Amino acid sequence: MKALTFKGGIHPHDNKHHTEKIAIKSLKTPGKLFFPIQQHIGAPCEPLVAVGDEVKMGQKIADSKAFVSAPIHSSVSGKVVAIEPVLHPGGSKVLSIVIENDGKDTVHESVVPKGDLSTLEPKQIIDIVREAGIVGMGGAAFPTHVKLSPPPDKKIDYVIVNGAECEPYLTADHRMMLESPEDIIYGLKAIMKVLGLNKGYIGIEENKQDAIKVMKEYAAKEGGIEIVVLKTKYPQGAEKQLIKVVTGREVPSGGLPADVGAIVNNISTCTAIAQAIKTGMPLISRVVTVTGSAVKQPANYLVRIGTSFRTLFEASEGFNEDPAKIIMGGPMMGIAQFSIDVPVVKGTSGLLALTKKDVALKPESPCIRCGKCVDACPMNLLPIYISAYAKKNDLEKAEEYNAVDCIECGSCSYVCPSKRHLVQSIRVAKQAIIAQKRAKK
Amino acid sequence: MINNRLIVSSSPHVRSEETVSSVMLDVVIALTPALIAAAYFFGFRALLVTAVTVLSCVVAEYAWQKVNHQPITINDWSAVVTGILLAFNLPATVPLWMPVVGGFFAIIVVKQFFGGLGQNFMNPALAARAFLLASWPVEMTKWVDPFSNLPLLKTPDVISSATPLAILKGTEAAGQTMPSITSLFLGNIGGTIGETSVLMLLIGGLWLIYRKVISWRIPVTFIATVGVLTFIFGKDGFFTGNAIYHVLSGGLMLGAFFMATDYASSPVTPKGQIIMGIGAGIITSVIRLYGGYPEGVSYSILLMNIAAPLIDRYTTPVKFGEVKVRA
């Protein structure tokens, strides 16, 4: 079958060779772990524990009454030693529960198998997902139970698992597909059950032939699941682009995937759902790719949430040379860090340590109007003009050129031969336009 | 573990290797085959004129930036590209001061007066050519046959030969016979330094498309439009035109692949580029068939250059998600 793809996009070096062949290694975290009360899109949680409390592994330690939110659980057993603001990968300090690990991993009483998928009702599955604190684990961390509860007027007919992993360097999802295919299928089946569907899709980029093979094998055992082979191109895993490729439908401007009857979930989100149902263990660990040319021993770690980045880099034996940039996530959309004393959160898919050479920023030169940004834009926008108006602070014009539709994938900045900061300026304009609109309301 | 300060900036954190210089260098590489053909057919004088033009452009850029305390950008190769393109639009017989005037005009008046790289609203090389043609029409149209043994430094005193287009037009060159299609294709005909060898220009043009420096849209639509229109509106009635001669002669190949695709002065939208190509094709055909000049490629491109911003404005692509929300 021919690999499918979308219009536009770029072909950065994927640099996945560092870690794609390395099996996931489970990592223990001695000492302190940090649990920010906000690890998801939506309302922050309230701590349910106090300093001095003993907590167990899998115990809920923070929750919120808001619908769009997700509870947080302790990933180890031990003692709450502080509740204080701690540096968050987002760049600011966030109130966090600090737990001293006692190393015993005493499991909390609430962690019990939730029953058989065939006997569970959709409503029960949604509750399990919510109680387990499961969020989109590709990076955005949108609460999964919200995705699974579309408004009644939106009939969902496509559920897609995102195995594209189009960001360079990252291999966490790739390894999961090779090592836990049955959990991925199980999680997908659970989502299909919630939405009353008997067909599900898993999209995988062509550069992961081994994963395609394994997933096809397991999908064939179950039936009702189709593996969609995608062309290797960034941003193939962007939600809107993936939906278009799989369903042929375009999510309307300003709309949500549910508007075209589709929902997309990450590979790790599916395995988290499987774990939550099968063992009752909430989302307390995830796979993180630690890589980049500055890292001595690149690896994929199964790590407890709350573990400091420093612990992960130490497990990889530190650095070959001083890293110039530390990034949480991929190099295209990840967040640059100014410290490694930051905890792994639910959306931490990878940690990159890049050298000066990798991230060398050449000076901007004037736009030569080559139009490469226009060809690269997967949203069919004109980054050249949006950016020009954004830089002049002409928000009205930037909006006219659809700045708000930008998905911030960074393809325009990547291809620009003049090294102009296109997406960066568009992002600023986009946020200003949205803020302006909110103020008017 | 970390001794230095980390760089914190907004994503993306990696960039492609391509730079303005690498793009411009690709254009220089693409122009090289035609330059070799020029040296072969018109002798060393063609190379000399080209060298003088390139040098003038680079010096003009350097002088302007120096005087205005701007960063010196002559190593980005863009002035070199302008220089080669201008030289390609001159006959090998021009007196050597003329490329100097042309080079300074192209860089200072057309490019730098309007803001420098990427800001010129017309193709600098073509605008300079138009300026030279208007000022010194005789020197600018002294075509010689290939292998004429031109003196290197002295301005050659030669009798102008007719270009194929002038013969097609049947005006001053009436009665002369057309060169063969093979001669046209190889470039063994009279004309400006770089326009005659269709073969070599095609090689360069395909290189640019292969390297994704340009898209196929402008050159293909431009050439196709000229072919179709010159065939339809033939001298002896509809559908009798000599389209093959029209497509292979004059500055069409050079113009379509290298001049009309100039980034700064052509549209960036896909649809806009197609309009640019078709528009230039129509104007070229009208000038060639009904205008006062035998050739119209330069003027057609210049006219479309002026329309480029407007074309961009009205050809904004339909954005992703511009669909009705399902009820």
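The values are calculated or read from the model by the stated rules, or taken from the named source; none is laboratory data. Since the model is a prediction, treat every value here as computed from it, not as a measurement. As a convention, Cβ positions derive from the backbone with ideal geometry for all residues, glycine included, and neighbour counts pool all protein chains shown.
Restricted to strands (runs of 3 or more DSSP E) entirely inside the stretch A:192-297, those with at least 1 residues that are out of contact with any strand residue (DSSP E or B) (no Cβ under 6 Å at 6 or more places or on another chain) and surrounded by 23 or more Cβ atoms within 10 Å (Cβ to Cβ) are A:285-291.
Could you tell me whether the stretch B:86-104 includes any residue that is assigned to a helix (DSSP H, G or I) and hydroxyl-bearing (Ser, Thr, Tyr)?
Checked the stretch B:86-104: no residue is assigned to a helix (DSSP H, G or I) and hydroxyl-bearing (Ser, Thr, Tyr).
Checked against (1) of a type outside the set (Phe, Trp, Tyr); (2) touching a residue at least 40 places away in the same chain (Cβ under 8 Å); (3) outside any strand (DSSP E or B); (4) surrounded by fewer than 23 Cβ atoms within 10 Å (Cβ to Cβ), A:MET332 passes all but condition (4). Of all helices (runs of 4 or more DSSP H) completely enclosed by the stretch B:195-299, which ones contain at least 1 residues that are touching a residue at least 60 places away in the same chain (Cβ under 8 Å) and over 17 Å from the mean Cα position of the chain (by Cα)? Filter on the stretch B:195-299 gives B:217-232, B:243-248, B:270-290.
Looking at this structure, is A:PRO30 touching a residue at least 12 places away in the same chain (Cβ under 8 Å), in contact with a Leu (Cβ under 8 Å, 6 or more places away or on another chain) and not in a strand (DSSP E or B)? Before the answer, list the steps.
Working: touching a residue at least 12 places away in the same chain (Cβ under 8 Å): yes; in contact with a Leu (Cβ under 8 Å, 6 or more places away or on another chain): no; not in a strand (DSSP E or B): yes.
Here the answer is no, as A:PRO30 does not meet what is asked.
For the stretch A:412-441, enumerate the residues that are under 24 Å from B:TYR314 (Cα atoms) and within 14 Å of chain B (Cβ to nearest Cβ). Correct list: A:CYS412, A:CYS416, A:LEU422, A:VAL423, A:SER425, A:ILE426, A:ALA429, A:LYS430.
The rows are residues; the columns are (1) away from chain A (no Cβ under 14 Å); (2) touching a Pro at 6+ places or on another chain (Cβ under 8 Å); (3) within 27 Å of B:PHE121 (Cα to Cα); (4) among the aromatic types (Phe, Trp, Tyr).
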position: B:SER183; (1), (2), (3), (4): yes, no, no, no
position: B:LEU201; (1), (2), (3), (4): yes, yes, yes, no
position: B:ARG211; (1), (2), (3), (4): no, no, yes, no
position: B:TRP216; (1), (2), (3), (4): no, no, yes, yes
position: B:VAL220; (1), (2), (3), (4): yes, no, yes, no
position: B:ILE232; (1), (2), (3), (4): yes, no, no, no
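Of the residues A:LYS65, A:LYS7, the single one that is basic (Lys, Arg) and either away from chain B (no Cβ under 14 Å) or in contact with a helix residue (DSSP H, G or I) (Cβ under 8 Å, 6 or more places away or on another chain) (or both) is A:LYS65. Of the numbered criteria (1) part of a loop (DSSP other than H, G, I, E, B); (2) under 15 Å from the mean Cα position of the chain (by Cα); (3) within 14 Å of another protein chain (Cβ to nearest Cβ), the one B:MET24 fails is (1). Confirm whether B:GLU195 is at pLDDT below 95 and within 23 Å of B:ASN305 (Cα to Cα). Yes.
With the structure loaded, tell me whether A:LEU361 is more than 11 Å from every other protein chain (Cβ to nearest Cβ), in contact (Cβ under 8 Å) with a residue 40 or more places away in the chain, farther than 12 Å from B:LEU6 by Cβ and among the hydrophobic types (A, V, I, L, M, F, W, C) or whether it fails that test. So A:LEU361 fails the test.
May I ask you to verify whether A:GLY248 is at positive phi and within 11 Å of chain B (Cβ to nearest Cβ)?
No; evaluated as a whole, the condition is false for this residue.
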